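In what follows, a structure is listed as structure tokens, so that the remarks can point back to it.
Here, each number is a calculation from the coordinates, and none is a lab measurement. Every value quoted in this text rests on a predicted model; they were computed, and no experiment measured them. Methodologically, a virtual Cβ is constructed for each residue, glycine included, from the backbone with ideal geometry; neighbour enumeration extends over all protein chains shown.
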Amino acid sequence: MMDDAALMERLDVQAIETPSWAFGNTGTRFKTFAQPGAARTIWEKIEDAAEVHRMTGIAPRIALHIPWDRVDDPGELARFAQARGIGIGAINPNLFQDDDYRLGSLAHPDARIREKASAHLEDCIAIMAATGARDLSLWFADGTNYPGQDDFRARRRRMREGLSGCAARLPADARILIEYKFFEPAFYYTDLADWGAALAHARAIGPKAQVLVDLGHHAQGANIESIVAMLLDEGKLGGFHFNARRYADDDLIVGSTNPLELFLIYAELVAAEVDPQTRTCTRGVSYMIDQSFNIEAKIEGMITSILNCQEAFAKALLIDHAALAAAQADGDVLGANRIVMDAFRTDVRPILAAWRRQRNLPEDPLDAHRGGDYLRAIRRDRGTASAASGYGD
Ligand code: PSV
Ligand code: MN
Ligand code: MN
């Protein structure tokens, strides 16, 4: 069992990226509700991400989506972020909102469209090189809607070729994270529908490719923590997109409806660190939020998400692994379960408050933000920008 001092030290290493797209006026395809003070530009999104980091101490990078984020001079952007205490996180190319991508991007039947998609990936790689970003986070809308529309194996080979070419162009120490999603926007067949499809590509490509797990991208009831354990064991877990889902790809606040799932995921990460066979596999894992806030206050939503991750991690650190191994070896079904659930049920809020106090962070980040000068200033200075017509616009 971990004592308080050791727990606090472990909490220091946690870092979660915030996504630029959560700070602007994004919503659903039905309606986007504009909010006073919502960020209008990438510069303002960086300012907001810096506020989240100031309040929580564990959100030191902002992930970008290209070209939702207009990046004319990536070096300048990185310096702007650095001056505000944060760095540039994963670069997310957008290969799904161009008329040319009607039949896909890297898996498109027409070589000219595949080349266009690869050229966009190269542009994103240039942004990585200029900003020091380590991860190129790849999600594809590629798929088909009807049987016979295209050839599964041919599409898979085109996807493999495109991904391999992309990985080969990465800067040293950078990697592609291959994100899967079981449906949408294609409904009959999705080129990267599950961890198996992503893992097969990542293994074939080698050390520069890993798998990204987005919590919203699985069928109802899927055991995501076991997928995490398996990918760690394969040395192929690259990162997370945290959110909460009930029906589809809901992108709601992580831990709001799925606190146990989030805890069990962190429990697998902690367990893999305790295990000498997988210890090194946990080191490179990236943690990111992939959410958008429509009816809730955006910066508050992000602070809440980050704090939910911190709480889940702290609880996972409390699991008594020696006792758990003994109960498992004894076949003590409910004894083992109780050890895990005891950690989940522990109220870690006092120790997290103490952790913040010791690090000169606000003891209650949400209250501090609500009552702070930053929120007042952005509401006053930014006004209410007109809401975009769709997600991410
Ligand atoms: C797709 O549903 C996804 O999860 C991908 O990560 C995109 O880049 C992101 O959402 C956009 O919010
Ligand atoms: Mn995602
Ligand atoms: Mn998603």
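Packing-based ranking of 323-331, 339-347, 195-203 yields 195-203, 339-347, 323-331, ordered from highest to lowest mean Cβ neighbour count within 10 Å. Summarising the strand pairing of the chain, around 10 percent of its internal DSSP beta bridges are antiparallel. Centroid-to-centroid, using Cα positions, segment 303-361 and segment 184-216 are 30 Å apart.
Can you tell me how much longer the chain between LEU366 and ASP233 gets when fully stretched, taken as 0.36 nm per residue apart minus their C-alpha distance, in nm with one decimal?
Taking 0.36 nm per residue and subtracting the Cα distance, the gain is 44.2 nm.
Taking every DSSP bridge with both residues inside segment 110-251, close to 15 percent are antiparallel.
Selection among GLN35, GLY87, THR56 by position relative to the dipole of segment 1-96 gives GLN35 as farthest towards the positive end (Cβ unit charges, Cα centre). Would you calculate the separation in nanometres between label points at THR346 and MET1, each defined as 7 Å from the Cα along the Cα-to-beta-carbon direction? Once both label points are built, they end up 0.8 nm from each other. Given R0 = 35 Å, the distance between the Cβ atoms of ALA15 and PHE183 translates into a calculated FRET efficiency of 0.70. Amide H contacts for GLY143 (H built 1.01 Å from N in the peptide plane; partners 5 or more residues away or on another chain; cut-off under 5 Å): ASP191.
Extension gain ALA322-ASP72, at 0.36 nm per residue separation less the Cα-Cα distance, in nm?
Working: separation 250, 0.36 × 250 = 90.00 nm, distance 5.29 nm.
Contour length minus Cα-Cα distance gives 84.7 nm.
Applying 1/(1 + (r/R0)^6) with r as the Cβ-Cβ distance of GLN358 and THR257 and R0 = 35 angstrom yields a FRET efficiency of 0.65. Whole-Hz Karplus values for segment 43-56 come out as 5, 5, 5, 5, 4, 5, 5, 5, 5, 4, 5, 4, 7, 9 Hz, taken residue by residue from phi with 6.51 cos²θ - 1.76 cosθ + 1.60 and θ = phi - 60°; glycine and proline positions read x.
Here the extension length gained between PHE30 and ARG102 equals 23.8 nm, from 0.36 nm per residue of separation less the Cα-Cα distance.
Along segment 198-209 the Karplus relation, 6.51 cos²θ - 1.76 cosθ + 1.60 evaluated at θ = phi - 60°, assigns HN-Hα couplings of 5, 5, 4, 5, 4, 5, 5, 7, x, x, 7, 10 Hz to successive residues, with x for each Gly and Pro.
The label-point distance for PHE152 and TYR247, in a model that sets each label 7 Å from Cα toward Cβ, rounds to 2.9 nm. The relative contact order of segment 4-382 comes to 17 percent, based on Cα pairs under 8 Å that sit 6 or more residues apart. Any idea what the relative contact order of segment 62-106 is, in percent, if you count C-alpha pairs under 8 Å spaced at least 6 apart? RCO, segment 62-106: 48 percent. A simple spin-label model places the labels of ALA219 and ARG279 3.8 nm from each other, with each point 7 Å out along Cα-to-Cβ.
Packing-based ranking of 275-285, 254-264 yields 254-264, 275-285, ordered from highest to lowest mean Cβ neighbour count within 10 Å.
For ILE66, the residues whose modelled amide H falls within less than 5 Å of its own, excluding neighbours fewer than 5 places apart on the same chain, are ASN92, ASN94. Here the 3J(HN,Hα) profile of segment 153-170, calculated from phi with Karplus coefficients 6.51, -1.76 and 1.60 at θ = phi - 60°, is 5, 5, 4, 5, 5, 5, 4, 4, 4, x, 5, 5, x, 5, 4, 5, 8, 5 Hz, Gly and Pro shown as x. Using a cut-off of 29 Å between Cα atoms, the listed pairs LYS236/LYS298; LYS208/LYS298; LYS116/LYS181; LYS116/LYS208; LYS181/LYS208 include LYS236/LYS298; LYS208/LYS298 as exceeding that distance.
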